[in-house]
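Inspection log for the structure reproduced underneath, given as structure tokens.
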Amino acid sequence: MPLSLEYGRLVENVLRESGGEWSPSATFDDGMQILLREVQLRNRLHREGRRLLQHEVLRIIRQRLLLDTLVRHTPAMEQRALRVLLITGMPRTKSTLLHNLLADVGAFSWVSYAQALEPFPWPRSTADEERVVARASAHLRVLRKMSPDLLRIHPMREDRPEECITLMQLTGRSDRFTISLTVPEYREWAAQPSIAALAYAEYFQILERIVPLSRPIVLKAPTHAPYVNLIEGLSESVRCLWLQRDATEVDRSFRELVTACRTVFEADSDTSDWASAWSALSIPACAEVCAWTQVESVACEIAAESRRPAPHPKDYEPWLAPRGAVS
């Protein structure tokens with residue numbers, strides 16, 4: 001289709017190619033309209049960034065259409081069915097390493113990068129899954145080409161665990177947007193407690209349809225930090241691992257990550273909207289506080305509790321921490 005970031009036109013294009021009944025939640029519709037309107041008003045995207053964002057939004061709309069079709073044609077899911085092991089707190093604290101270590105303990109469910117991009121239709125055949133993984137791999141190659149520093153600063157791989165912010169795009173409210181794009185008005189909308197509550201409720205409904213409920217799921221995103229109580233209210237049980245690091249170091253490292261993310265889409269990167277975002281976090285009473293230097297021992301302790309062998313951090317080199325990146 002012609003290059004466009006008009007939400008209505010993008011929805012029409014997906015419906016024209018896929019058919020189906022379009023009835024997403026108000027949160028999704030409002031969020032995507034606010035996001036795309038602000039992107040166009042600020043006019044910071046380079047041409048390739050506009051093309052890539054159009055591709056991203058079309059993917060999200062297609063996945064939302066498949067989700068809504070699935071919901072309409074399957075029985076309602078049991079409420080509060082998920083048991084959660086939550087990794088949150090400050091970013092740039094080896095949280096990606098901890099996420100991968102816990103995923104490989106073998107006692108937990110997790111969502112891969114490929115599944116986060118295309119969770120639906122679900123379940124799917126081995127051949128369909130291979131095609132989804134191949135598309136995710138191509139997606140990462142584009143990111144690496146557009147911003148060579150991005151995967152050095154924050155390693156990602158199509159078959160490895162992905163942060164919640166990617167799958168949460170299907171709710172219309174996700175910090176993948178606020179990290180990758182300069183959209184402070186959208187970020188203000190997304191921070192409203194009522195919007196966050198609706199989005200997290202939708203997110204858990206999505207998770208309950210694509211992961212086994214027989215095991216706890218590992219969820220990971222620093223941006224979950226203000227919403228631990230919401231997550232507790234939606235879950236059967238929550239264990240919260242709260243990662244800590246010096247706030248000045250976190251701010252510097254995170255703004256480096258934001259710059260690398262925005263280079264994919266924007267002609268110039270301004271990270272001032274994320275300045276000092278992490279210094280005022282309030283640690284919830286339920287959290288187990290962990291220094292970023294201790295994540296390997298925490299993973300070993302949880303593996304021992306689960307009576308499983310602990311994966312070794314060196315098994316994740318060189319892809320997970322090239323050139324000493326902290327993620």
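Arrange ASP268, ASP273 by Cβ neighbour counts within 10 Å, fewest through most, would you?
ASP268, ASP273
Read phi for every residue in the stretch 170-178 and hand back ³J(HN,Hα) as whole Hz from Karplus 6.51 cos²θ - 1.76 cosθ + 1.60, θ = phi - 60°, with x for Gly and Pro.
6, 8, x, 10, 8, 7, 4, 5, 6
For the stretch 216-233, just list the computed ³J(HN,Hα) in residue order, Karplus coefficients 6.51, -1.76 and 1.60, θ = phi - 60°, integers in Hz, with x standing in for Gly and Pro.
x, 9, 8, 10, 9, 5, x, 6, 6, 3, x, 10, 4, 5, 4, 5, 4, x
Determine the dipole magnitude for the chain: charges of +1 sit on the beta-carbon of Lys and Arg, -1 on that of Asp and Glu, nothing else is charged, the reference point is the Cα centre, and the result goes in debye to the nearest 20.
Working: 40 positive and 42 negative charges, 124 e Å.
In debye, rounded to 20, the chain gives about 600.
Can you tell which of GLY106, VAL228, LEU198 lies farthest toward the positive end of the dipole of the stretch 82-324, using +1 and -1 charges on the Cβ of basic and acidic side chains (Lys, Arg; Asp, Glu)?
Ranked along the dipole, the leading option is GLY106.
Rounded to the nearest 0.05, what FRET efficiency do VAL289 and SER137 have when you use their Cβ-Cβ distance and R0 = 35 Å?
Using R0 = 35 Å, I get an efficiency of 0.45.
Sort HIS73, HIS224, HIS154 by Cβ crowding within 10 Å, fewest neighbours at the top.
Values: HIS73 7, HIS224 23, HIS154 20.
Fewest-to-most ranking of HIS73, HIS224, HIS154: HIS73, HIS154, HIS224.
If exposed GluC sites (Glu not before Pro) are those in a DSSP loop with at most 11 other Cβ within 10 Å, what is the longest stretch of the chain that has none? Intermediate results must be reported in sequence, preceding the final value.
Details: sites that count: GLU21, GLU78.
Longest site-free region, per DSSP loop and neighbour criteria: 79-327.
In sequence order, what are the phi-derived ³J(HN,Hα) couplings for the stretch 201-215 according to the Karplus relation 6.51 cos²θ - 1.76 cosθ + 1.60 with θ = phi - 60°, rounded to whole Hz, with x for glycine and proline?
4, 5, 4, 5, 5, 5, 4, 5, 9, 10, 10, x, 7, 6, 10
Taking trypsin sites (Lys or Arg not before Pro) as exposed when DSSP calls them loop (any state but H, G, I, E, B) and at most 16 other Cβ atoms lie within 10 Å, what is the longest stretch of the chain free of them, the sites themselves excluded? The partial results should precede the final answer.
Numbers: sites that count: ARG80, ARG124, ARG307.
Segment 125-306 is the longest.
Show the residues, 5+ positions off or on another chain, whose built amide H is closer than 5 Å to the amide H of LEU82.
The answer is GLU236.
Give me LEU10, LEU281, LEU85 sorted ascending by neighbouring Cβ count inside 10 Å, so fewest comes first.
By the 10 Å Cβ count, ascending: LEU281, LEU10, LEU85.
Throughout, read-outs are computed from the coordinates displayed, never taken from laboratory work. On a predicted model such as this, the values are computed, not experimentally measured, just so you know. Virtual Cβ from ideal backbone geometry, glycine too; neighbours counted across all protein chains shown.
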